[in-house]
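Student: Questions regarding the structure given below will be posed in turn.
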């Protein structure tokens, strides 16, 4: 079973864009792949229940006929940090529930892209850190760097934090989240100089781009 964990330098840096593209990249290379969003805040009520746009994008990018509840076991209405959103929804987040969903997915695919929440140190709940899930699933980590002012500091701090927690960071992806950021190219040069892991690709700022199109710009982290 191949699986990776996607974290970011912050919230709103394009983890879902990168995650869906990596699912598509794996499928291009012949793997049965799915996305997994254990906890999602900011959901809308539909006839099928609470649904999150990011989790739906992961579902659409992956193998067909995988149940939404396996891809996103915790769909929380409020668009806030998971701990706050869960409290407002009267939900107690449990690591065992997330792991059970991951096990169900592993029976259906041979590659899994797990998308985290916010940045690396954003907790799932008062007693559940993201690193608890990463450790339980024994996952290497890919970092999405939102290319904007401050990204060099955020990327280097996140790399150090991931490694200090005892995990393997296998690469990073630069995402052009701010089209007005004129120093993006210079920042990429500096990031490539200081980051100890390779850049797996760059994602341009193209609203509405399909995962299949972004996938062609990224290296497949499952290829080793």
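Computed from the coordinates by the stated procedures, all read-outs in this text should not be read as laboratory data. Bear in mind that the values here come from a model prediction, so they are computed numbers and not experimental data. No Cβ is skipped: glycine too gets one built from the backbone with ideal geometry, and neighbour counts run over all protein chains shown.
Student: Between residue 199 and residue 99, what is the label-point separation in nm under the 7 Å Cα-to-beta-carbon projection?
Tutor: 3.8 nm
Student: Next question. Taking Cα atoms, how many degrees apart are the long axis of helix 15-28 and the longest axis of the chain, rounded to 10 and kept between 0 and 90?
Tutor: With both axes taken from Cα atoms, the answer is about 90 degrees.
Student: So if each residue of separation counts as 0.36 nm, and I subtract the Cα-Cα distance between residue 163 and residue 67, what length gain in nm does that give? Present the calculation step by step, with values, prior to reporting the outcome.
Tutor: Numbers: separation 96, 0.36 × 96 = 34.56 nm, distance 3.35 nm.
Taking residue 163 through residue 67 to full extension adds about 31.2 nm, to one decimal.
Student: I've got another one for you. What's the ranking of 166-173, 41-48 by average number of surrounding C-beta atoms within 10 Å, highest first? Don't skip to the end; give the middle numbers.
Tutor: Details: 166-173: 18.8, 41-48: 13.1.
In descending order of packing, they fall as 166-173, 41-48.
Student: Now, a different point. Multiply the residue separation of residue 78 and residue 46 by 0.36 nm, subtract the distance between their alpha-carbon atoms, and state the gained length in nm to one decimal.
Tutor: Working: separation 32, 0.36 × 32 = 11.52 nm, distance 1.48 nm.
Answer, rounded to one decimal: 10.0 nm.
Student: Could you work out how far helix 151-164 tilts from the main Cα principal axis of the chain, as a 0 to 90 degree angle to the nearest 10?
Tutor: Tilt of helix 151-164: around 60 degrees.
Student: Quick one: order 128, 190 by neighbouring beta-carbon count within 10 Å, fewest to most. Write down the numbers at each step before the final one.
Tutor: On the way: 128 18, 190 14.
Neighbour counts put them in this order, fewest first: 190, 128.
Student: Tell me, what is the percent relative contact order of the chain, built from C-alpha pairs under 8 Å that lie six or more residues apart?
Tutor: The value is 27 percent.
Student: Take the Cα of residue 183, step 7 Å along the line toward its Cβ, and report every residue of region 130-165 whose backbone nitrogen sits under 16 Å from that point.
Tutor: Those under the cut-off are 146-156.
Student: Please label the shape of region 1-54 as rounded, prolate or oblate, based on the square roots a ≥ b ≥ c of the eigenvalues of the alpha-carbon gyration tensor (a/c under 1.5 means rounded; beyond that, a/b larger than b/c means prolate, else oblate). Don't jump to the answer; show the numbers that get you there.
Tutor: Numbers: a/c = 2.36, a/b = 1.42, b/c = 1.66.
It comes out oblate by the Cα gyration axes.
Student: Could I ask something else about it? How much of the DSSP bridge set in the chain is antiparallel, in percent, rounded to the nearest 5? Working shown, then result.
Tutor: Working: 5 of 32 bridges.
About 15 percent, rounded to the nearest 5.
Student: Give the whole-number value, in cubic angstrom per residue, of the convex hull volume spanned by the C-alpha atoms of region 2-223. Could the numbers behind the result be given before it?
Tutor: Working: hull volume 25.7 nm³, N = 222.
Per residue, the Cα convex hull of region 2-223 comes to 116 Å³.
Student: Additional query: With springs only between Cα atoms under 10 Å apart, run a GNM on the chain and tell me which of 147, 157, 58 wobbles the most.
Tutor: 157
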